[in-house]
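Inspection log for the structure reproduced underneath, given as structure tokens.
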Amino acid sequence: MGYRDIYDGWKADPEAYWLKAAAEIDWAVPPTKALNDTRAPLYEWFTDARVNTCWNAVDRHVEAGRGDQLAIIHDSPVTRTKHAITYRELQTRVASLAGALRAKGVEKGDRVIIYMPMVPEALEAMLACARLGAIHSVVFGGFAANELAVRIDDCTPKAIIAASCGIEPSRVVHYKPLLDAAIDMASHKPEFCVILQREQEVASLIPGRDVAWHTFQFGVEPADCVPVEGNHPAYILYTSGTTGAPKGVVRPTAGHLVALNWTMRAIYNCGHGDVFWAASDVGWVVGHSYICYAPLIAGCTTIVFEGKPVGTPDAGTFWRVIAEHKVRSFFTAPTAIRAVKREDPEGTLVGDYDLSNLQALFLAGERADPDTILWAQRHLKVPVIDHWWQTETGYAIAANPFGIEPLPVKIGSPSVAMPGFDVQVLDEGGHPVAPGTLGAIAIKLPLPPGTLPTLWNAEERFRKSYLAHFPGYYETGDAGYVDADGYLYIMARTDDVINVAGHRLSTGAMEEVLASHKDVAECAVIGVADDLKGQSPLGFLCLNKGTNRPHAEVVKECIKLMRDQIGPVADFKRAVVVDRLPKTRSGKILRGTMVKIADGQDWKMPATIDDPAILDEITEALKSLGLAGGI
Ligand code: COA
Ligand code: AMP
């Protein structure tokens, strides 16, 4: 069957469609029903089933005789090490860690924060939680202590599993002091912390609270898989919203298994024994879904890559990994390909490697610009497939269903809606618009299995953020259009979220940090176009009356404050002092107009502007930074 038949088949009978997809999962108690709409517009899937994620990702492959197949390859150019773990070894390691957690009182439903770099132990920690039905929340290593503290207070973990350090090409990231500072800051205190001591740095442990990874597991009984209800949260992953408080996206266990398993064949065309590589980080949704869970559920070998697209050691690293490990499907963010292209514009390094096993390159996380797609097509000589998704959905909303039927690629479009997603483009009044017309992108409820049923401890925020604006729909926060062939085009965000190097960041959160500086009276943060990272944050600062220090000093302090409060990942390196901010008469800051001026795009004077002269001042300030057509 082709894509159209499959999509139409899903639409005609979603219940039958998802129950059929569910047959590929090993259930402790199979579902009798797919959709649970008793609390509509809040929906659940496979509520009456009992299942364990770790069983499906690990044990069932060993049971089926594939225990000697590689489950994980850790390729770490930053430590110059490589090693591989079979499914059987993974089962032993995960059961042992789960046993140790259980011995310390971690049970089904308890939360565990994981704060680790790109090492296999990060996946093992995730799977050990899943084995017990404990709910993990992985926090990206590039976040500062304050962001970790916010997450500790929101999900109140019984335990935290961390590493002593992470390795960035330019420095060692000292995780342990960040962890200690976060626990000091947080009101909630975990009962214990498990620390993976790495060779590059041995952290000092706090007696009574911290225990080293190996000591922790010494002499414990391995744990078996604990079946959980279909709607039991598998994990919480925090993502940026409009305000400073991150949203805890909840991932439901059964839907996650069914949907991810489905995507591995239908989109990525991978199955047992194939090598799949997502060059992302376990701290992001791509890492959860496609470094850890989906490839393992599908019985593939997954690659945990601890390095960067460039500089570790060069722009040929990606191609070396693909050749050496015989990668079949490769997934990364466009920004990573742009980084490679900038270092190796002619793609010379590609020619040094045998990429004959590679069948396709998948891109997501931000808009894939045509130059990047064309460069990759030309040099890799495989289909380059853009697909669109969000932390909230956990997998692609729109994609080219490569494993079902490769559709013609239209550059600039992540292709078509996947089964489960009825994507519509709406006007402000919530009415569908004609093909080619720009509007808010919304998805008709219910969302498919595996997508977020709610936000952690914040059902009202869930309803308000996603369901209230367009009743009957999930609001994606993206704007765009659909063409006459049903291809989607994602053009912009409709909220204050920006996308820096494939990382989703909230300008609202950054403004809260700037506003906390003692000399800052008012501020705004916008995302300006960046050739490498897609967008780059830029701050405007209005200082308190009587501040008579050099502006450069305040700017420097604000940049440091952002790094300390949000973390290096915010990549906040530019700010400028201005007298006033442009606002509407009702006091709303005109960030959209500022972005257009900064990017040198055509812009119109907003009819509601309070004082048009301010835009001249803003333009001058932007020119002083080399933006708005300045040099
Ligand atoms: N732990 C600690 N710090 C981290 C980190 C981590 N896991 N990841 C990034 N950082 C730091 C970097 O060291 C850098 O710090 P610096 O300001 O001291 O240099 C800062 O955060 C910004 O990092 P990054 O955005 O990675 O920029 P970069 O200039 O180091 O690298 C790219 C640029 C394009 C190579 C890089 O952004 C990249 O590989 N992007 C792919 C993104 C991706 O996979 N996104 C996931 C969605 S699919
Ligand atoms: P995240 O939740 O971090 O995965 O970020 C999701 C957001 O990134 C989406 O809402 C989009 O704004 C953007 N995004 C992700 N993938 C794409 C894509 N293929 N094309 C355009 N934008 C994308």
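The values are calculated or read from the model by the stated rules, or taken from the named source; none is laboratory data. None of these values were measured; they are calculated from a predicted model. We place every Cβ from the backbone using ideal geometry, glycine too, and count neighbours over all the protein chains shown. Side chains included, ligands, DNA and RNA excluded: accessible areas come from the protein's heavy atoms. Shrake-Rupley method; radii C 1.70, N 1.55, O 1.52, S 1.80 Å.
Below, the figures for the structure above:
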read-out	value
Checklist (1) open to solvent by 50 Å² or more (accessible area, probe 1.4 Å); (2) within 34 Å of the chain's Cα centre (by Cα) applied to residue 610, failing item	(2)
Qualifying residue in the stretch 223-240 (condition: modelled with pLDDT under 95 and surrounded by fewer than 22 Cβ atoms within 10 Å (Cβ to Cβ))	yes
Residue among 337, 385, 397, 373 that is open to solvent by less than 10 Å² (accessible area, probe 1.4 Å), within 12 Å of ligand 1 (Cβ to nearest atom) and either aromatic (Phe, Trp, Tyr) or at pLDDT 95 or above (or both)	337
Residue 283, sole failed condition from (1) within 30 Å of residue 496 (Cβ to Cβ); (2) small (Gly, Ala, Ser); (3) part of a loop (DSSP other than H, G, I, E, B); (4) away from ligand 2 (no atom under 16 Å from the Cβ)	(4)
Residue among 434, 364 that is open to solvent by less than 20 Å² (accessible area, probe 1.4 Å) and of a type outside the set (Asp, Glu)	364
Test: residue 430 is more than 16 Å from ligand 1 (Cβ to nearest atom), within 21 Å of the chain's Cα centre (by Cα) and part of a loop (DSSP other than H, G, I, E, B)	no
Test set (1) among the acidic types (Asp, Glu); (2) assigned to a strand (DSSP E or B); (3) out of contact with any Leu (no Cβ under 7 Å at 6 or more places or on another chain) - residue 557 fails condition number	(2)
Residue pairs meeting the criteria (Cβ under 8 Å; at least 6 apart or on separate chains; first more than 16 Å from ligand 1 (Cβ to nearest atom) and small (Gly, Ala, Ser), in the stretch 562-586; second open to solvent by 60 Å² or more (accessible area, probe 1.4 Å) and in a loop (DSSP other than H, G, I, E, B))	586/608
Selection within the stretch 351-391 - more than 11 Å from ligand 2 (Cβ to nearest atom), of a type outside the set (A, V, I, L, M) and in contact (Cβ under 8 Å) with a residue 60 or more places away in the chain	357, 359
Looking only at the stretch 10-31, and only at residues there that are under 17 Å from residue 252 (Cα atoms) and without any contact (Cβ under 8 Å) to a residue 24 or more places away in the chain, the one that is most open to solvent (accessible area, probe 1.4 Å)	30
Strands (runs of 3 or more DSSP E) fully within the stretch 42-142 counting 3 or more residues that are open to solvent by less than 10 Å² (accessible area, probe 1.4 Å)	70-76, 111-115, 135-138
Those residues of the stretch 576-610 which are modelled with pLDDT under 90 and under 28 Å from residue 547 (Cα atoms), in sequence order	584, 585, 586, 587, 588, 609, 610
